Ligand SMILES: [Zn+2]
Ligand SMILES: [Zn+2]
């Protein structure tokens, strides 16, 4: 579809681009941001998109870093309460989990005509809420008011999509065939280790999602236009692993390298050999990348140091490639060091795995998008990380889709760029897709 075109459905036509009006607060606004900290009820508002966009602008103007999303959480909670949506007691310090309780199965009038109390399945939809340590350079009237912090990944879009879906589902709960837990997840952007988990792991550890059968999530993308939903049949993000190789040699005078073992030479050989792992060890049709980003050894020009290190990251789409590359990297590093008379100590820190969509739900997602009058395209190919993958571990199925946010007025800038500026007109289409998808999944699970 053409960039900048509007999206029409449900009797509402949403023009792309910024509007000067704000339908959320009658008490006055600044740069389209609701003036009051206390969000207004949607009831009686003329337009759900205006409501979501007005609140989106507030979230965009008030970004908070991972695990510091205190005001963000408070506002989401207030918005949910104002719309009659229950919040669960998860114990999370930031982020929260709400629930829309479907009433169709309890009243026994399921869409398939079955009577009586059927299964009451529980699924989850997830939007992340944290921002990045980045100075915004968009010039938008609702740009970040916190120096050095910006919603540069569009998690303000993602949470607004989830909020909109929750409101739509709450309004249609009498025909909803189960419960939908709505996860407003903190701390997606942290690169975690065992001691410091990402937000998805933190939410899972609360146990509040233990009964969830299917997980659904969306992320904004500048690669697709407003009104387009990105859906891919399999992998939609890369696994994220960090490696560090410490090499210990033997320091000596630069004029007598024969008296020691130079770790600079050893590290150089290791870096060169690492480049052959993704090209020689992995199925050439599989996406993967090994990137060396940091190397340190020595202090000056005439002393051979005793040690040094190199570090970088490995991204893969396939879980077997991931372990194959780790094993090969360990072997190559230690054998090269040994060949030089040095030793290598390899640390491998596994972060989020790749997000792989469940094939059962891919056609359902496509149908849900089409039913809402939205275009469907493949998700953008990337080996970037996404901690939604933790929800899908241990065989739990799910689907992760992308919401197009580019238009004529909001041209594409890649996420994590200081100029990333999604078109807020994308929020309602994303919410409509997510709500419809949740309904379709529950209907099939019942
Ligand atoms: Zn990001
Ligand atoms: Zn993100």
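The figures follow:
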item: Criterion violated by residue 255 - all others in (1) assigned to a loop (DSSP other than H, G, I, E, B); (2) modelled with pLDDT under 95 satisfied; result: (2)
item: Tally of residues being more than 18 Å from residue 409 (Cα to Cα), within 16 Å of ligand 2 (Cβ to nearest atom) and touching a strand residue (DSSP E or B) at 6+ places or on another chain (Cβ under 7 Å) across region 145-165; result: 9
item: Qualifying residue in region 139-160 (condition: on the phi > 0 side of the Ramachandran plot, within 16 Å of ligand 1 (Cβ to nearest atom) and buried (at least 21 other Cβ atoms within 10 Å of the Cβ)); result: yes
item: Residue 233 vs. criteria touching a helix residue (DSSP H, G or I) at 6+ places or on another chain (Cβ under 9 Å), more than 16 Å from ligand 2 (Cβ to nearest atom) and either under 21 Å from residue 132 (Cβ atoms) or not assigned by TED's automatic domain parsing to the domain that holds residue 156 (or both); result: no
item: Failed condition for residue 337, given (1) away from ligand 2 (no atom under 16 Å from the Cβ); (2) assigned by TED's automatic domain parsing to the domain that holds residue 135; (3) part of a helix (DSSP H, G or I); result: (2)
item: Scope region 275-298; condition part of a strand (DSSP E or B) and more than 17 Å from residue 328 (Cβ to Cβ); matching residues; result: 293, 294, 295, 296, 297
item: Cβ-Cβ under 8 Å pairs, at least 6 apart or on other chains, region 136-161 side closer than 12 Å to residue 64 by Cα and without any contact (Cβ under 8 Å) to a residue 40 or more places away in the chain, far side away from ligand 1 (no atom under 15 Å from the Cβ) and assigned to a loop (DSSP other than H, G, I, E, B); result: 147/135; 148/135
item: In region 234-290, the residues that are loosely packed, with under 15 Cβ neighbours inside 10 Å and under 30 Å from residue 400 (Cβ atoms); result: 234, 244, 279, 283, 284, 285, 286, 289
item: Out of 128, 118, 89, sole residue that is assigned by TED's automatic domain parsing to the domain that holds residue 182 and at pLDDT below 95; result: 118
item: Hey, residue 384 in contact (Cβ under 8 Å) with a residue 24 or more places away in the chain, touching a strand residue (DSSP E or B) at 6+ places or on another chain (Cβ under 8 Å), in the same structural domain as residue 221 (by TED's automatic domain parsing) and over 24 Å from residue 314 (Cα atoms) or not; result: no
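Table: residues versus (1) in a helix (DSSP H, G or I); (2) surrounded by 17 or more Cβ atoms within 10 Å (Cβ to Cβ); (3) within 16 Å of ligand 1 (Cβ to nearest atom); (4) not assigned by TED's automatic domain parsing to the domain that holds residue 104.
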site: 390; (1), (2), (3), (4): yes, yes, yes, no
site: 394; (1), (2), (3), (4): yes, no, no, no
site: 403; (1), (2), (3), (4): no, yes, yes, no
site: 409; (1), (2), (3), (4): no, no, no, no
site: 421; (1), (2), (3), (4): no, yes, yes, no
site: 426; (1), (2), (3), (4): yes, yes, no, no
site: 429; (1), (2), (3), (4): yes, yes, no, no
site: 435; (1), (2), (3), (4): yes, yes, no, no
site: 441; (1), (2), (3), (4): yes, yes, no, no
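Here's the yes/no breakdown for (1) over 26 Å from residue 173 (Cβ atoms); (2) at pLDDT 95 or above; (3) under 22 Å from the mean Cα position of the chain (by Cα):
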{"position": "22", "(1), (2), (3)": "yes, no, no"}
{"position": "30", "(1), (2), (3)": "yes, no, no"}
{"position": "33", "(1), (2), (3)": "yes, no, no"}
{"position": "42", "(1), (2), (3)": "no, no, no"}
{"position": "45", "(1), (2), (3)": "no, no, no"}
{"position": "52", "(1), (2), (3)": "no, yes, yes"}
{"position": "63", "(1), (2), (3)": "yes, yes, yes"}
{"position": "66", "(1), (2), (3)": "yes, yes, yes"}
{"position": "104", "(1), (2), (3)": "no, no, no"}
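The values are calculated or read from the model by the stated rules, or taken from the named source; none is laboratory data. Keep in mind that what you see is a predicted model, and the values were worked out from it rather than measured. Using ideal geometry, Cβ is built from the backbone for each residue, glycine included, and neighbour counts are taken over all protein chains shown.
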